[in-house]
Structure formats: C-alpha cells, structure tokens
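Down below is the structure, laid out as structure tokens.
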Amino acid sequence: MEVEKRKRATEWMDALWASGTGRLSWQVLHEFYWNGVKRMRLEAASAREIVEDLIHWRPVDTSLGLVQQSWRWIDAAQLTYWDALILAAAERSGARYLLSEDFQEDRRYGEVQVLNPFHHRPSEFSI
C-alpha cells in the first residue's frame, strides 16, 4: 500500500506543480519538516530543501485573522486547533479542495471540499 500511496502522492504533486495551483499553510510545512526528519528519517538538509521548494506555493501567513478564522471552525465543526488552522489557510488561499487523508472525506467546509488524495486522481478535477 505504501508504494501505491507514494505513487499517488507523486501524481498529485506533479499535477499541482504543473498547473501552479498548489497552496499550503505554514502548519503543513511545519508538520512536513518534523515528520520528514523524525519519522521518515530524511536528512535535515533534504527536508529543508523540500520546504524551501514548497515556499513557491505561497503558504498562507499565520495571523490573528487566520487564528480567529480557525477558532470559528473549531466551534462550528469540532476540529482540532491544528486542523482548523489548515482549513482556515485553505479558505484564505481560495482553495476549492483540501487534500487530506485525515479530514472526513468529501466533507464541505464552506467553499472548501475535502478530498482524500489516495482515493482520487488529479485528472478527475480541473487541476
């Protein structure tokens, strides 16, 4: 299964890079770096290089407004603080889709729909 997940993740990353539509939050970058180094055993320099590349996706800055927006999602949808920050950043960036295997699949939060990237292909969407 891990081989299939890796292939699907690569497919999504390639499509998002090619279309220029990838967006993310600082929260996602923090989590990637930490998990890359601690769990995936990436060299710190490699993880940092990937984070620096992903900066081209213009991460949404964490601000008081973003935190307040996340609080609204915590109250309205009972999300964890960290997930609410990710959702609020997706909203702020104007994203139609939030790719995650951790959120409830196909759920809509306002204008943002959750997609599990391991259950869908980018070609199914206008990406």
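The values are calculated or read from the model by the stated rules, or taken from the named source; none is laboratory data. Quantities reported herein were computed from a predicted structural model and do not represent experimental measurements. Here the Cβ positions follow ideal geometry from the backbone for every residue, glycine too, while neighbour counts run over all protein chains shown. For the accessible areas, the whole protein counts, side chains as well, though only heavy atoms, and no ligand, DNA or RNA atoms are used. Shrake-Rupley method; radii C 1.70, N 1.55, O 1.52, S 1.80 Å.
In the stretch 4-35, what residues are among the small types (Gly, Ala, Ser) and within 17 Å of ASP102 (Cβ to Cβ)?
ALA9, SER25
Restricting the first residue to the stretch 108-123 and requiring it to be in contact (Cβ under 8 Å) with a residue 60 or more places away in the chain, which pairs with a second residue that is in a loop (DSSP other than H, G, I, E, B) and not small (Gly, Ala, Ser) meet a Cβ separation below 8 Å and a spacing of at least six or different chains?
PRO117/GLU101; PHE118/GLU101
Could you list all residues from the stretch 19-30 that are surrounded by 13 or more Cβ atoms within 10 Å (Cβ to Cβ) and touching a residue at least 12 places away in the same chain (Cβ under 8 Å)?
Scanning the stretch 19-30 gives THR21, GLY22, ARG23, LEU24, SER25, TRP26, GLN27, VAL28, LEU29.
Looking at the stretch 55-67, which of the residues that are over 17 Å from LEU98 (Cα atoms) and aliphatic (A, V, I, L, M) is least open to solvent (accessible area, probe 1.4 Å)?
Filtering the stretch 55-67 for residues that are over 17 Å from LEU98 (Cα atoms) and aliphatic (A, V, I, L, M), the one least open to solvent (accessible area, probe 1.4 Å) comes out as VAL67.
So HIS56 fits all but one of (1) in contact with a strand residue (DSSP E or B) (Cβ under 6 Å, 6 or more places away or on another chain); (2) under 18 Å from TRP12 (Cα atoms); what number is the exception?
All conditions are met except number (1).
If you check GLY36 against the conditions, is it in contact with a His (Cβ under 9 Å, 6 or more places away or on another chain) and among the small types (Gly, Ala, Ser)?
Taking the combined requirement at face value, the residue does not satisfy it.
Scan (1) in contact (Cβ under 8 Å) with a residue 24 or more places away in the chain; (2) among the hydrophobic types (A, V, I, L, M, F, W, C); (3) open to solvent by 40 Å² or more (accessible area, probe 1.4 Å) for the single condition TRP71 breaks and write down its number.
For TRP71, the failing item is (1).
Could you list, in sequence order, all residues of the stretch 1-18 that are surrounded by 12 or more Cβ atoms within 10 Å (Cβ to Cβ) and either touching an Asp or Glu at 6+ places or on another chain (Cβ under 6 Å) or touching a residue at least 12 places away in the same chain (Cβ under 8 Å) (or both)?
If the condition is that a residue be surrounded by 12 or more Cβ atoms within 10 Å (Cβ to Cβ) and either touching an Asp or Glu at 6+ places or on another chain (Cβ under 6 Å) or touching a residue at least 12 places away in the same chain (Cβ under 8 Å) (or both), then LYS5, ARG8, ALA9, GLU11, TRP12, ALA15, LEU16 are the ones that fit.
Does GLU52 satisfy being surrounded by 14 or more Cβ atoms within 10 Å (Cβ to Cβ) and among the acidic types (Asp, Glu)?
Here the answer is no, as GLU52 does not meet what is asked.
Quick check, is SER46 of a type in the set (S, T, N, Q), open to solvent by 30 Å² or more (accessible area, probe 1.4 Å), within 25 Å of ASP14 (Cβ to Cβ) and touching a Leu at 6+ places or on another chain (Cβ under 9 Å)?
no
Going through TYR81, TYR109 one at a time, which residue ends up being of a type in the set (Ser, Thr, Tyr) and buried (at least 18 other Cβ atoms within 10 Å of the Cβ)? Give the steps one after another, and end with the answer.
Details: TYR81 fails: buried (at least 18 other Cβ atoms within 10 Å of the Cβ).
Going through TYR81, TYR109 in turn, the sole match is TYR109.
Which members of the stretch 1-39 meet the condition of being assigned to a loop (DSSP other than H, G, I, E, B) and farther than 16 Å from SER126 by Cβ?
MET1, LEU24, ARG39
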